[in-house]
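Enquirer: Let me give you the structure first, and then I'll get to my questions.
The values are calculated or read from the model by the stated rules, or taken from the named source; none is laboratory data. These figures come from a predicted structure and were not determined experimentally. Heads up, the Cβs are rebuilt from the backbone with ideal geometry, glycines too, and the neighbour counts pull from every protein chain shown.
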Amino acid sequence: MTYRRAVLPALAGGLLLTALLWWAGASAHALHLPGATGMLGGQAAAELEHWLTPWSYDPPASAQFSTEVSGGIGGAAGTAGTNYLALYATALQIRFGAVFVFFVTGALLLVRRLPPVHGRMPAALLALWAWGVVAGALAVTVSAPWLIASGGRGSYRFLPQLASVISSGRQVLVVTALVAAALTVFIARVTAKGAGPLPQEAVPARAARLAATAATAVIALSLVVLSYQPVAAVLQSVSPGIGLFAEPGDLLRQWLLLGAWAGPGGAPLGAWLLYRAGDVLLLAVVWWVLRRLPGLLTRVTAPAMAAGAVCATVLGLLASQLLRVAVDGAGSGLRWDLLRLSAGIGDGVPAALVWGLVAGCAAALMLRAAVGRAEITDATTPVEDSARLG
């Protein structure tokens with residue numbers, strides 16, 4: 001699919017995702033009303049407010065507090081408070097603008113290389129859903145410095161504050177990104193009509209398996225090795241004394257660890273294995289998606305493989321988190337406490353972005369090498385056969 005046909009669905013999906021996040025943020029203040037608290041319950045209302053606040057223009061308590069205690073007497077204090085509120089509004093403007101830009105950029109690539117036609121529609125929908133979650137996480141990251149500065153504590157433990165801000169607002173992204181992906185796929189399917197048969201590269205099965213295995217090994221490095229608690233503790237304890245950039249442990253965990261695990265300890269072995277099934281599911285999803293991805297792309301390129309690997313990692317992460325929600329819910333018997341059980345949905349997206357990019361590059365290199373070897377073998381086989389006959 002050409003960029004001219006892909007730009008309309010990408011723009012429509014980006015606008016819808018931005019509008020849904022803005023609407024969700026604008027609804028956060030309604031959770032303070034007595035009717036909402038009475039209908040949802042105090043705990044559920046507080047949990048929903050925690051999910052929606054990162055997308056709300058209403059400043060949280062921290063920003064209001066800095067407004068009240070900001071230095072100055074009389075009018076000077078009011079001016080400083082107004083500046084903090086303006087800085088908070090700027091952070092939200094950057095956040096919503098970045099969501100739109102990041103989603104459109106990734107959707108253009110995905111819709112062009114993975115158009116939702118000829119059996120590719122489910123794959124395109126899942127890829128765009130995952131990319132919407134990534135776009136939201138990137139937008140939160142980009143706007144985080146302005147948000148931290150609006151609280152008046154930008155110079156105090158900056159990196160831990162940055163890690164805390166980056167980890168917020170994921171749950172609502174999972175839902176809104178799915179809706180935006182559905183609209184993008186629908187419009188892309190309409191615009192693709194009349195474009196003629198789309199190309200599809202023939203990739204040897206062995207090359208695709210090798211590429212998927214190499215990429216899965218990269219993901220396993222984070223999920224199995226770095227996420228092991230003794231190793232993660234070493235990352236957490238990294239703390240060079242360099243002023244503003246001291247205490248990077250929390251931030252390193254955000255961008256390097258896809259999970260956290262330890263030995264069975266005092267837990268029953270069966271329960272421990274059941275909980276580790278989420279990690280196995282993540283790796284299985286990544287391998288299966290990347291095994292099929294080269295055959296679905298209209299052209300196998302390094303950017304397309306990298307974007308596909310990021311989406312595959314996010315999808316595997318979401319699948320493992322949903323499995324753990326089911327396991328925790330069945331084990332605790334809390335059938336209706338879905339909000340509390342779903343609090344971890346969307347965690348680990350920054351690490352999925354980092355390791356997905358590395359895994360995608362590794363898969364592209366392995367795929368190119370394997371296909372090259374297969375072509376050389378095919379080219380030399382007739383010569384060897386004729387030599388034997390002679």
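Enquirer: Would you say R189 is surrounded by 14 or more Cβ atoms within 10 Å (Cβ to Cβ) and assigned by TED's automatic domain parsing to the domain that holds P116? It would help to see each step written out before you state the result.
Expert: Values: surrounded by 14 or more Cβ atoms within 10 Å (Cβ to Cβ): yes; assigned by TED's automatic domain parsing to the domain that holds P116: yes.
Yes, satisfied.
Enquirer: Moving on. Tally the residues that are over 19 Å from the mean Cα position of the chain (by Cα), part of a helix (DSSP H, G or I) and touching a residue at least 40 places away in the same chain (Cβ under 8 Å), restricting the search to region 272-305.
Expert: Residues in region 272-305 being over 19 Å from the mean Cα position of the chain (by Cα), part of a helix (DSSP H, G or I) and touching a residue at least 40 places away in the same chain (Cβ under 8 Å): 9 in total.
Enquirer: Is at least one residue of region 244-253 assigned to a helix (DSSP H, G or I) and exposed (fewer than 15 other Cβ atoms within 10 Å of the Cβ)? Can you show your working first?
Expert: Start the filter on region 244-253 by keeping residues that are assigned to a helix (DSSP H, G or I), which leaves 244-245, 249-253.
Imposing the further condition that a residue be exposed (fewer than 15 other Cβ atoms within 10 Å of the Cβ) reduces the set to 244-245.
Yes, there is a match, as at least one residue in region 244-253 is assigned to a helix (DSSP H, G or I) and exposed (fewer than 15 other Cβ atoms within 10 Å of the Cβ).
Enquirer: Could you say which residue among R291, R276, R335, R253 is modelled with pLDDT of 90 or more and more than 25 Å from A232 (Cβ to Cβ)?
Expert: Result of the check over R291, R276, R335, R253: R291.
Residues are listed down the side, and each one gets a yes or a no for (1) modelled with pLDDT under 90; (2) in contact with a His (Cβ under 7 Å, 6 or more places away or on another chain); (3) of a type in the set (D, E, K, R); (4) buried (at least 21 other Cβ atoms within 10 Å of the Cβ):
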| position | (1), (2), (3), (4) |
| --- | --- |
| A98 | no, no, no, no |
| G119 | yes, no, no, no |
| L125 | no, no, no, no |
| G136 | no, no, no, yes |
| S150 | yes, no, no, yes |
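Enquirer: Of the residues that sit in region 201-228 and are assigned to a helix (DSSP H, G or I) and of a type in the set (D, E, K, R), which one is surrounded by the most Cβ atoms within 10 Å (Cβ to Cβ)?
Expert: Filtering region 201-228 for residues that are assigned to a helix (DSSP H, G or I) and of a type in the set (D, E, K, R), the one surrounded by the most Cβ atoms within 10 Å (Cβ to Cβ) comes out as R209.
Enquirer: Only residues that are among the acidic types (D, E) and in a loop (DSSP other than H, G, I, E, B): list them for region 17-51, please. So that I can check it myself, show each step before the final result.
Expert: Step one: of region 17-51, the residues among the acidic types (D, E) are 47, 49.
Once the filter is applied, which keeps residues that are among the acidic types (D, E) and in a loop (DSSP other than H, G, I, E, B), region 17-51 yields nothing.
Enquirer: L258 - would you say it is of a type in the set (A, V, I, L, M), surrounded by 14 or more Cβ atoms within 10 Å (Cβ to Cβ) and outside any helix (DSSP H, G or I)? Before the answer, list the steps.
Expert: Numbers: of a type in the set (A, V, I, L, M): yes; surrounded by 14 or more Cβ atoms within 10 Å (Cβ to Cβ): yes; outside any helix (DSSP H, G or I): yes.
It is true that L258 is of a type in the set (A, V, I, L, M), surrounded by 14 or more Cβ atoms within 10 Å (Cβ to Cβ) and outside any helix (DSSP H, G or I).
Enquirer: May I ask you to verify whether T53 is touching a residue at least 40 places away in the same chain (Cβ under 8 Å), surrounded by fewer than 21 Cβ atoms within 10 Å (Cβ to Cβ) and hydroxyl-bearing (S, T, Y)?
Expert: On the way: touching a residue at least 40 places away in the same chain (Cβ under 8 Å): yes; surrounded by fewer than 21 Cβ atoms within 10 Å (Cβ to Cβ): yes; hydroxyl-bearing (S, T, Y): yes.
Judged against the criteria, T53 is a match.
Enquirer: Only one of (1) over 21 Å from V289 (Cα atoms); (2) among the polar types (S, T, N, Q); (3) in a helix (DSSP H, G or I) fails for S168. Which number is that?
Expert: (3)
Enquirer: Test W272 against the stated conditions and say whether it is touching a helix residue (DSSP H, G or I) at 6+ places or on another chain (Cβ under 6 Å) and either of a type in the set (S, T, N, Q) or assigned by TED's automatic domain parsing to the domain that holds A208 (or both).
Expert: Values: touching a helix residue (DSSP H, G or I) at 6+ places or on another chain (Cβ under 6 Å): no; either of a type in the set (S, T, N, Q) or assigned by TED's automatic domain parsing to the domain that holds A208 (or both): yes.
Criteria not met by W272.
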